[in-house]
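Taking it in order: structure first as structure tokens, then the write-up.
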Amino acid sequence: MMNCRPGIRGWSGLCRTPGCVTCDAWHEERRQWLESAKTRALEFVDAGELALAYKSLVSDLSQHAGTREHPGLFLTGELFIAGHLNTEESWREHIAGYQ
Ligand SMILES: [Zn+2]
């Protein structure tokens, strides 16, 4: 078992060394946060509320350090404004791509 080595921490405070238990726990927590954000957004998609799906995604992802600057958020906003995410199906496909 290894823990984060302080000397080589990056911007996130994580050392990103494979097998580091601190990093693994952080990534697992981030993954769970992202999955719950996707689930919540999909509930709005299912209800046909596409703008609310977007707002929900932005709101949820902005509340976790690991997803706050997710590059997908900018792309999603651009695509939505440009009218490319105008169907429930396109939203489902798009949200599924978030990692
Ligand atoms: Zn680490």
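The values are calculated or read from the model by the stated rules, or taken from the named source; none is laboratory data. Worth saying up front: this structure is predicted, and the values here are computed from it rather than measured. Cβ coordinates were reconstructed from backbone atoms using ideal geometry, including for glycine residues, and neighbour counts include every protein chain displayed.
Quick grid of which residues meet (1) charged (D, E, K, R); (2) touching a residue at least 24 places away in the same chain (Cβ under 8 Å); (3) farther than 21 Å from Trp26 by Cβ:
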site: Glu43; (1), (2), (3): yes, no, yes
site: His70; (1), (2), (3): no, yes, no
site: Leu75; (1), (2), (3): no, no, yes
site: Gly97; (1), (2), (3): no, yes, yes
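Scanning the range 48-64 for residues that are within 10 Å of the chain's Cα centre (by Cα) and among the small types (Gly, Ala, Ser) yields a single hit, Ser62. Among the residues of the range 59-75, those identified as of a type outside the set (Ser, Thr, Tyr) and farther than 12 Å from Tyr98 by Cβ are Gln63, His64, Ala65, Gly66, Arg68, Glu69, Phe74. Only helices (runs of 4 or more DSSP H) whose full extent lies in the range 1-95 are considered here, and the ones with at least 1 residues that are out of contact with any Cys (no Cβ under 8 Å at 6 or more places or on another chain), at pLDDT below 90 and surrounded by 12 or more Cβ atoms within 10 Å (Cβ to Cβ) are 21-46.
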